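The values are calculated or read from the model by the stated rules, or taken from the named source; none is laboratory data. Here the structure is a predicted model, which is why all the values come from computation and not from measurement. Neighbour counts are summed over all protein chains in view; Cβ atoms, including those assigned to glycine, are modelled from backbone coordinates with ideal geometry. Only protein heavy atoms, including side chains, enter the accessible area calculation; ligands, DNA and RNA are left aside. Shrake-Rupley method; radii C 1.70, N 1.55, O 1.52, S 1.80 Å.
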Amino acid sequence: MKRGFHGMVARLKVTLWSLIVPPTVWAVHFLFSYLWAAIHCAKVGGFPRLPILYAVGTVAALAIILAAGIVAHLQSRVPGDPAPHEESTDSDRIRFLAFSTVLLAALSFVGVVFTAAPVLFLTDCR
């Protein structure tokens, strides 16, 4: 019983971690996207490496969100758990939370892509 309980607590910790990471990464990327757009439109000089750093940051954000989604997906598909149609257990609740995290990670991934695309192709700010 202890082994099962400790395993469930460990799975819950990883699920909560993967639940928090995608929207946090998206929010930080969103703020840097608007910072980059503001610097670009104001034509403030002295930041020649900013586009490269922004592109690297975008790829890193997408990779982190993808990793969190994969972790959550793996947690939602743990072999040996009872079938979902049986009575609701703590394991079912954790699997549902993990699956919801997969959806949140997918939404955050799309959010980063749609935030980065206009900023990367920004040409005129009038």
- [ ] Starting from region 99-116, take each residue that is free of Cβ contacts under 8 Å to residues at least 60 places away in the same chain and assigned to a helix (DSSP H, G or I) and list its partners that are open to solvent by less than 70 Å² (accessible area, probe 1.4 Å) and not hydrophobic (A, V, I, L, M, F, W, C), counting only C-beta distances under 7 angstrom and pairs at least six apart or across chains.
- [x] F99/S76; V102/G69; V102/S76; A106/G69
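Among G7, G45, which is open to solvent by less than 90 Å² (accessible area, probe 1.4 Å), part of a helix (DSSP H, G or I), at negative phi and modelled with pLDDT under 70?
Values: G45 fails: part of a helix (DSSP H, G or I).
So the residue among G7, G45 that is open to solvent by less than 90 Å² (accessible area, probe 1.4 Å), part of a helix (DSSP H, G or I), at negative phi and modelled with pLDDT under 70 is G7.
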Task: Scan of region 100-126 for residues that are crowded, with 16+ Cβ neighbours inside 10 Å and at pLDDT below 80, ordered by number - done: V119
